[in-house]
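S.K.: Before I ask anything, let me first share the structure, which is written out below as structure tokens.
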Amino acid sequence: MPFDFRRFDIYRKVPKDLTQPTYTGAIISICCCLFILFLFLSELTGFITTEVVNELYVDDPDKDSGGKIDVSLNISLPHLHCELVGLDIQDEMGRHEVGHIDNSMKIPLNNGAGCRFEGQFSINKVPGNFHVSTHSATAQPQNPDMTHVIHKLSFGDTLQVQNIHGAFNALGGADRLTSNPLASHDYILKIVPTVYEDKSGKQRYSYQYTVANKEYVAYSHTGRIIPAIWFRYDLSPITVKYTERRQPLYRFITTDLALLFRP
Ligand SMILES: *[C@@H]1O[C@H](CO)[C@@H](O)[C@H](O)[C@H]1NC(C)=O
């Protein structure tokens, strides 16, 4: 008897006249097709949308900036006259600037009773602080009132991206209007360098930060209370990097082939 090679066939054919459609079979087939369609559509949306992956590393990403970080501050003090409001900047590199005025604006509020300070300045990449106070005023007020609302405090470029929920303006909206008017406020910030790389490989540099805050009444050596709003910052050595990525085409094709061409 000759050896029949066809014995190796594991997908044996049933003759057409022996098959028979059933209602159960039809229902199962329709369900299968709908399920395949669903899987295909979810694969397709996964392929079209870009995912953002993040990684951490120890480095200073923005070395070309000359070791400086741009700061943007917008704060309202509804009960302190603009003449009294000033911004001072100090850091561990020996900087001590009192009454910083470049690129800043003081806008009177409440018919001059209050003040909004909007300023842009840069800080060195070393621990330091900047504070809003009456220190630079020619005469100290009898009853300073440091209640305030912070509209914005951000560092570096603004990232216009929706798909990451970072802490780029963590203090935005901080409302201390009901605090003790004589209290000083300390905001202790840890600034985290953040890099965003879009699909074209273009990188943008920004910073996120975390905040811890406290409130206290401080007396100066003359026994007077001269409150201030302190922002004490320090930089994290860890950089967060977000990278936009699209699923590779071959992965989309292989998963779809696996879906559509079942044995
Ligand atoms: C500062 O905040 C106030 C209140 O939200 C807003 O009206 C103003 O436009 C802001 N200024 C800047 C420069 O963004």
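The values are calculated or read from the model by the stated rules, or taken from the named source; none is laboratory data. Model, not experiment: these values are computed from the prediction. Counting neighbours? That spans all protein chains shown, and the Cβs are built from the backbone with ideal geometry, glycine included.
S.K.: Find the residue count for segment 176-224, including only residues that are of a type in the set (A, V, I, L, M), exposed (fewer than 15 other Cβ atoms within 10 Å of the Cβ) and farther than 26 Å from residue 67 by Cα.
M.R.: Summing the residues that are of a type in the set (A, V, I, L, M), exposed (fewer than 15 other Cβ atoms within 10 Å of the Cβ) and farther than 26 Å from residue 67 by Cα in segment 176-224 gives 3.
S.K.: Being part of a loop (DSSP other than H, G, I, E, B) and touching an Asp or Glu at 6+ places or on another chain (Cβ under 9 Å) is the filter; apply it to segment 217-241 and report the residue that is nearest to residue 174 (Cα to Cα). Lay out the reasoning, then the answer.
M.R.: Quick first cut of segment 217-241, residues part of a loop (DSSP other than H, G, I, E, B) only: 217-218, 220-224, 226-227, 236-237.
If we keep only those that are touching an Asp or Glu at 6+ places or on another chain (Cβ under 9 Å) too, we end up with 227, 237.
Details: 227: 18, 237: 26 Å.
Taking the candidates together, the pick is 227.
S.K.: Would you say residue 62 is away from the ligand (no atom under 16 Å from the Cβ), in contact (Cβ under 8 Å) with a residue 24 or more places away in the chain and not basic (Lys, Arg)? Steps first, answer last, please.
M.R.: On the way: away from the ligand (no atom under 16 Å from the Cβ): yes; in contact (Cβ under 8 Å) with a residue 24 or more places away in the chain: yes; not basic (Lys, Arg): yes.
Yes: the conditions hold for residue 62.
S.K.: Separate question: Is it true that some residue in segment 99-117 is of a type in the set (D, E, K, R), modelled with pLDDT of 95 or more, closer than 22 Å to residue 232 by Cα and in contact with a His (Cβ under 9 Å, 6 or more places away or on another chain)?
M.R.: Within segment 99-117, one or more residues are of a type in the set (D, E, K, R), modelled with pLDDT of 95 or more, closer than 22 Å to residue 232 by Cα and in contact with a His (Cβ under 9 Å, 6 or more places away or on another chain).
S.K.: I'm trying to understand the selection: among the residues of segment 222-263, which are among the polar types (S, T, N, Q) and over 24 Å from the mean Cα position of the chain (by Cα)?
M.R.: Looking only at segment 222-263, we keep the residues that are among the polar types (S, T, N, Q), and these are 222, 236, 239, 243, 247, 254-255.
Scanning segment 222-263 gives 222, 254, 255.
S.K.: Determine which single condition residue 255 fails, assuming it passes every other condition in (1) out of contact with any Asp or Glu (no Cβ under 7 Å at 6 or more places or on another chain); (2) modelled with pLDDT under 90; (3) among the β-branched types (Val, Ile, Thr).
M.R.: Of the numbered conditions (1) out of contact with any Asp or Glu (no Cβ under 7 Å at 6 or more places or on another chain); (2) modelled with pLDDT under 90; (3) among the β-branched types (Val, Ile, Thr), the odd one out for residue 255 is (1).
S.K.: Let me ask something additional. Could you check segment 58-81 and list, in sequence order, the residues that are more than 15 Å from residue 157 (Cα to Cα), β-branched (Val, Ile, Thr) and buried (at least 17 other Cβ atoms within 10 Å of the Cβ)?
M.R.: Within segment 58-81, just 75 meets the criteria.
S.K.: Hey, could you check segment 82-113 for residues that are more than 12 Å from the ligand (Cβ to nearest atom), under 20 Å from residue 148 (Cα atoms) and of a type in the set (Gly, Ala, Ser) and say which is surrounded by the most Cβ atoms within 10 Å (Cβ to Cβ)?
M.R.: Across segment 82-113, the extreme among qualifying residues is 86.
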